[in-house]
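Okay, structure first, notes after.
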Amino acid sequence: MPTVQPLRYAHSDGHTDVCFDDSGKHILTCGTDGDVRVWAGIEDDDAISHRVGDRVYGIVYKSGRFFTSSDTNTIQAHTFPDGGPDGILTRFTAPVNHMVVNRSGKTMVACSSDFTIKSVEVDTCSHKTMQGHEAPVLSVALDPKEEFVASSSCDGTVRIWQHSDHSQVTSMGILPKTNDVSLSKTLCRLCWDLKGENLFVPVEKEIHIYERSSWKKIGVFQDEDVAGVLSILTLSPDGKFLAVGSSEGSILVLDVKTRKCVDRYKHPKKFSVTALAWNPKKTSELAFCDKEGQLGVLEDIKLSLDAQVLQETRAKETLGIFDDDDDNDMLIQATNDEGNMGMETGADNSDDDQMPIIKPLGDIDDDDTMSKKSDQDDGASVISDAPLVLPPAPVVVEGYKPTPLQNPFQPGSTPVHLSSRFMIWNSIGIIKQYNTEEENSIDIEFHNTSIHHAMHISNTNNNYTLADMSTEAVILAAESDDDNPSKLTCMHFGSWDSCKEWTTVMPEGEEIMAVTLGEDWIAVATDKRNIRLFSLGGIQREVFSIPGPVVCMSGHTNQLLLVYHRGMAIPGDQCLGVTLMYVEGKQNTVLGGQPLPLSPKTALAWTGFSAEGTPFYMESSGIVRMLNRKFGPSWIHVANTKSHAKGKSDHYWIVGVNENPQQLRCIPCKGSRYPPVLPRPAVSILPFQVPLCEMNTEKSQYEETLWRTRLFGQHFDQWMSQGFEFEPSRKVDNLKPAQEALMKLFALSARSDREFRALEVCEMMPEQHTLQLAIKYASRIKHMHLAERISELAQQKEEEAEQEEEEVPESSYNPAVVWTNRNGYMGSRPREQSHLVQDEEVMDEGDDEINMEEEEEAEDRPSGPMLNLKAKSDKPSRPQFISSARSSNPFKMSQESQKTTQSGGTKGTQVFDSMNRKKVDKVKAADPVIIGKPGKIIVKPKKSTQGNLFATKTKTDTAKPDTTSETPAPQSSNTPSAFDLWLEKNRIDLEEEHPDLAEADLIQTGAERFRDIPREEKQVWITKAKQLKTENSENVQSTDNASTEVPTENKKRKREETDSKEIKDIANKKKKDSFLDGKKKPLSQSTNSKLSGFAFQKE
């Protein structure tokens, strides 16, 4: 390592340049303060200062004068050492970025931000211009032979110019493109070798070597330990060494011949190196400046390789690996003089047509002449007296280079190193931290001030860096220092007692890395891979370990989400694991260390829960994913915030997520990943979108709406499984867009003659009423085969529904119970009457047109699409239990049904009439759910029996029962189900086990036990129930046949007789009342007509 004196303040912050005078005794510097300072060595405390302008961009010394480029866009000459002005060489229209002078000092080449390059004769001030760059020019380099000029530019090219006629020779696009010098990561200072045979160009972390004339890349300088982008190149006065400076403070000294690094230096603060200059009289001394305006000098630079490295290098040269023109190497010279290597004298090693013939090493050792020659050259050789033994070739294994692990972070916070930052921003409030020289404090504010008032806390003594907040508490965590261990502080403002704050200190050597708050618990993750759970009151509840370093942590109600490193990933990626667990109630693990999906070359940027309790996370690329509990569980891509950003450097910072309504609340960050604290940023709402294929088509748009709506409606099922209560209508309203998208997708498929696809859409329809609409639409557009297929599907679904209802007893029924249909979609059974009314309104939009078409085609088309279900519609699809409280005649046929039977035409929706009536009945019999706090679902008890659930009701429920019918109603309302039969047998055992349970709770317990019995035993009870059901159906059928044998005329006459009797009774009653009053009142016209009719009928 070179000797480095403490860095000296030279100029103000910004670009600083440096050079030596010809004697090497003085150092000249310039900077953004507009001064040129002359230093008599690095230890000079009284440097001479010359005012040149407001800003000085570059300085170069030659032949007793120094030249500067200032903010006046000119190059001016000054005398040395007094610094007096000595004329202006040339002018530009923009600042001059770089200038070089040839060895004689007569020619200067300079470049500017106005895209031009000028070659200036110093004596006459005449100049010639080279134009062709499309952006500001960064640097220039003059060929030592003065034939070519090389230049680099912000347009990403390195160009070669003919110095004589200023024409362009070639252009190489090898640099990154930028718009301005201030935005460029590299200054790209080019350099020629001493003879002008090769051009050195810094490109990223490499130095490319280009051959003169052909301009082909012939080699590369590389160093694995270099930090940042290589920016500055300068050649030593003897041409043997190349000094390199990087954007992160690394300085390397390279041997041009061996292409090896002989010495290196790293800036203590990693500031960018802006200038390098060799001492012309002392090769081991190198001056440099950084972007902070500091001056430094490297002394006693090691300019030779280690013995082992030198030995390996010479061995490779002996073997002809490096074809150099220099044959003055002592080892090669010795072998050439003796001829022992069998190589022709004067042979050029660079000649590819000649292959050197090497004598075996054993012959060299046995040759006396060679030994004598070696003894004579020992004084001049750096190698010891031992005989030359070629070392084995070094084995270079390019193995796996692990990607650095992502550091832990707190979701919703900005980096700790910022002077003002957000410690947390979530749906509850904002915690801001200010860490400046004047103030070190924390501000806490709540979005809803009714939760708690804003707070201001001093952070001078505690040094809190982590925070989280909820509606009950605020937690703060501090890192450990020399005197104090890491600690956790909780401000429990929701406590009912007077002690609102407590603090816990971590064990010695254990550091808090992440914190989070739940409903009434706190989780703390430490660097010892421990997760510590506390109650809000400060009780230590659980301690468990995770298999890797924690990355982040989030909590919501009773859910805890952990993300940690689970192993080493492929280069450029992060291998993260995720754990999702319930820490209260039913304590179980949903995700147990599964890999967290990340896009290639990305890291985790945010994790959290939606307001409904579904886990979400965002990658550094802007992709947002959510947990799909029904499929896997797995993670699905639901948004891409980068697609909404206006520029490449713009990002979005998430502060909250809602599923109902679907909202992604973010803060737009222009040119940054994090928002500023002041002024307070505004929150934007971004939409969600599932990335399906061909989103520009109508079909994909309907599919995206369908699956996104269903995906964001899964939280209702999660609430139900956790015992939370909600209104069933909320779920129906939330899934309504999916229902509409499903119908539109079916219509689109049917119109496109994609009947198979249309039937697949019907399989995804969860309700029979929706299938009815599909059948009507298929009939209207003349797709009769499709309508028949849909009717078969409807029949199959109806049978599955019947079987499910037989297995599920009434006591365990709830209108919001989740069910699964054939295609695996989870949803609620169609029990809500309001939802049926909405579907009827949708269906009624086209009913008039459909009915007119069916009436016209009734004669030509005697059978409709539901003909194949005619036989099934005649039979009761389920037991028809007639309530004793009915007033209408159960055997009477309505006029509408008679008309339908006489016409002989089958309507497209006839088969669903009974289904709709039964659905309405189920809505009336459904258990109303009481909305309350999270807990168990409370259901009001029902007075009706299980048979009444399936009873068919009409509009005349309030009328009196018909007592004139001689045929009694069938007494089959108590036909037991499979569960009823099982409960009747096992009731005594259940009462003995649970003597304190009420009747409803006992039935509920029996229902749970009935579900757990083996399938074979359950099938036996189902078979017994079906047998009883069949007997009941036969009785009902025989009763129907008996009722149909009564002539219509007799039925009409009986009704007329009943009406006449009622009229007579009314007349007698009125007559009696008038007699008791002692007054005779004339009968009304309607009464006279009724009496006359009665008399006529009696005759």
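The values are calculated or read from the model by the stated rules, or taken from the named source; none is laboratory data. Since the model is a prediction, treat every value here as computed from it, not as a measurement. No Cβ is skipped: glycine too gets one built from the backbone with ideal geometry, and neighbour counts run over all protein chains shown. These accessible areas exclude ligands, DNA and RNA; they are computed on the full protein's heavy atoms, side chains included. Shrake-Rupley method; radii C 1.70, N 1.55, O 1.52, S 1.80 Å.
A few remarks follow.
- In segment 1-81, counting only strands (runs of 3 or more DSSP E) that sit wholly within it, the ones holding 1 or more residues that are within 48 Å of the chain's Cα centre (by Cα) and charged (D, E, K, R) span 17-20.
- The residue that is surrounded by the most Cβ atoms within 10 Å (Cβ to Cβ), counting only those in segment 465-500 that are acidic (Asp, Glu) and within 13 Å of ILE522 (Cβ to Cβ), is ASP468.
- Single unsatisfied condition, THR186 versus (1) in a strand (DSSP E or B); (2) open to solvent by less than 20 Å² (accessible area, probe 1.4 Å); (3) among the polar types (S, T, N, Q): (1)
- Out of VAL149, VAL137, sole residue that is within 19 Å of PRO176 (Cα to Cα) and buried (at least 19 other Cβ atoms within 10 Å of the Cβ): VAL137
- Those residues of segment 515-534 which are assigned to a strand (DSSP E or B) and open to solvent by 20 Å² or more (accessible area, probe 1.4 Å), in sequence order: ASN530, ARG532
- Within segment 408-430, residues that are under 22 Å from GLY577 (Cβ atoms) have Cβ atoms under 7 Å from residues that are of a type in the set (Ser, Thr, Tyr) and crowded, with 21+ Cβ neighbours inside 10 Å in these pairs: PRO411/SER554; PRO411/THR607, counting only partners at least 6 apart in sequence or on another chain.
- When residues of segment 700-731 are limited to those that are among the hydrophobic types (A, V, I, L, M, F, W, C), open to solvent by 30 Å² or more (accessible area, probe 1.4 Å) and part of a helix (DSSP H, G or I), the one modelled with the lowest pLDDT: MET720
- Counting the residues of segment 1020-1029 that are modelled with pLDDT of 80 or more, open to solvent by less than 70 Å² (accessible area, probe 1.4 Å) and more than 15 Å from LEU983 (Cβ to Cβ) gives 1.
- Looking only at segment 1001-1019, and only at residues there that are surrounded by 15 or more Cβ atoms within 10 Å (Cβ to Cβ) and among the hydrophobic types (A, V, I, L, M, F, W, C), the one that is farthest from SER977 (Cα to Cα): LEU1002
- Test: residue in segment 637-658 that is among the aliphatic types (A, V, I, L, M), open to solvent by 50 Å² or more (accessible area, probe 1.4 Å), modelled with pLDDT of 90 or more and touching a strand residue (DSSP E or B) at 6+ places or on another chain (Cβ under 6 Å): no
Residues checked against (1) within 29 Å of the chain's Cα centre (by Cα); (2) modelled with pLDDT of 90 or more; (3) farther than 29 Å from GLY548 by Cα; (4) in a loop (DSSP other than H, G, I, E, B):
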site	(1), (2), (3), (4)
PRO392	no, no, yes, yes
TYR400	yes, no, no, yes
THR403	yes, no, no, yes
ASN407	yes, yes, no, yes
GLY412	yes, yes, no, yes
ARG421	yes, yes, no, no
ILE424	yes, yes, no, no
ILE430	yes, yes, yes, no
GLN433	yes, yes, yes, no
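- ALA477 satisfies every condition listed in (1) part of a loop (DSSP other than H, G, I, E, B); (2) within 24 Å of LEU533 (Cβ to Cβ); (3) out of contact with any Gly (no Cβ under 8 Å at 6 or more places or on another chain) except (1).
- Set VAL56, VAL101, VAL60: member being surrounded by fewer than 21 Cβ atoms within 10 Å (Cβ to Cβ), closer than 20 Å to VAL38 by Cβ and touching a strand residue (DSSP E or B) at 6+ places or on another chain (Cβ under 9 Å): VAL101
- Condition check for LYS372: more than 30 Å from HIS492 (Cβ to Cβ), of a type in the set (Lys, Arg), open to solvent by 40 Å² or more (accessible area, probe 1.4 Å) and modelled with pLDDT of 60 or more: no
- Per this entry, SER791 is counted among residues that are open to solvent by less than 10 Å² (accessible area, probe 1.4 Å), at pLDDT 90 or above and over 22 Å from LYS699 (Cα atoms).
- Test for GLU285: is it out of contact with any helix residue (DSSP H, G or I) (no Cβ under 6 Å at 6 or more places or on another chain), touching a residue at least 12 places away in the same chain (Cβ under 8 Å) and part of a loop (DSSP other than H, G, I, E, B): no
- Filtering segment 118-128 to residues that are closer than 11 Å to ARG91 by Cα and open to solvent by less than 30 Å² (accessible area, probe 1.4 Å) leaves LYS118, VAL120.
- Residue check, GLU806 modelled with pLDDT under 85, closer than 30 Å to LEU1028 by Cα and open to solvent by 20 Å² or more (accessible area, probe 1.4 Å): yes
- Residue in segment 589-596 that is in contact (Cβ under 8 Å) with a residue 40 or more places away in the chain, open to solvent by less than 30 Å² (accessible area, probe 1.4 Å) and more than 17 Å from TRP719 (Cα to Cα) present: yes
- Options VAL229, VAL244, VAL256; residue that is touching a strand residue (DSSP E or B) at 6+ places or on another chain (Cβ under 7 Å), buried (at least 22 other Cβ atoms within 10 Å of the Cβ) and not acidic (Asp, Glu): VAL244
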